[in-house]
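Student: Here you go, one structure.
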Amino acid sequence: MAITNTIFWKTPIILLFLATLCAAEDKGELWCVAKNNAEDAALQSALDWACGAGGANCASIQPGGQCYDSSDIVRTASYAFNDYFLQHGMSTDTCNFSNCAELTSLNPSFGNCKIPSSSNVSKGSFTGGAGTGSSSGDSSNGNSVMGRLQLAIFIFPLFFIIPMIDP
């Protein structure tokens, strides 16, 4: 029996494949956030537009709201920009705000302020609560890992079946 027909050469490849598949980060979540280097006046103008004519739901960044932080215009604008982004098609065009915003895969949530990501939107509506104490984004990581594990269980036998097929 040749070495190529034994399981010994396949084992490291299979383990590497499974480890990579199960440990891969979920790249599906995006947030539209204010740029840290944007001028405060430009951010305030963009924030005023987003919460006014833009139609973003800014209730959580009003005094008394869970995301209210009068000392941090970047956090406040990020919440409004992200809400607008989620409601208007989640594209680079809906995350510009006169070049004061950018897309990120880093969760901008802070304290009790949970900012929903692009994965919290389904057919134009939120699947998780904005500004609530619970973060439905946390559970999406579990579902993503489970999906990768199911895929690995499906693909794993192929490493043994494909070499058995005679051309």
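None of the figures in this text is laboratory data; all of them are computed from the coordinates on show. Because the structure is a prediction, the values reported are computed rather than measured. FYI the Cβ positions are ideal-geometry reconstructions off the backbone, even for glycines, and counts take in every protein chain you see.
Student: Using the Karplus curve 6.51 cos²θ - 1.76 cosθ + 1.60 with θ = phi - 60°, what ³J(HN,Hα) values do you get for each residue of region 38-51, in whole Hz, with x for Gly and Pro?
Tutor: Going residue by residue, I get 6, 6, 4, 5, 5, 5, 4, 5, 5, 5, 4, 5, 4, 7 Hz, with x marking Gly and Pro.
Student: When the Cα centres of region 42-67 and region 81-106 are compared, how far apart do they sit, in Å?
Tutor: Each part reduced to its Cα centre gives a spacing of 14 Å.
Student: Moving on. Using 7 Å Cα-to-Cβ label points, what is the Phe110/Glu39 separation (nm, one decimal)?
Tutor: For Phe110 paired with Glu39, the spin-label model returns 2.3 nm.
Student: Using a 10 Å cut-off on Cβ atoms, rank the peptides 105-116, 72-83 from the highest mean neighbour count down. Could the numbers behind the result be given before it?
Tutor: On the way: 105-116: 17.1, 72-83: 24.3.
Packing order, densest peptide first, comes out as 72-83, 105-116.
Student: Residue-wise, which Karplus ³J(HN,Hα) couplings in Hz belong to region 91-105, taking 6.51 cos²θ - 1.76 cosθ + 1.60, θ = phi - 60°, and x for glycine or proline?
Tutor: Ordered by residue, 3J(HN,Hα) equals 10, 5, 5, 8, 10, 10, 6, 6, 6, 9, 10, 8, 7, 9, 9 Hz.
Student: Counting only residues 5 or more places away or on other chains, whose amide H sits under 5 Å from the amide H of Leu30 once H atoms are built in the peptide plane?
Tutor: HN-HN under 5 Å from Leu30: Ser118, Ser119.
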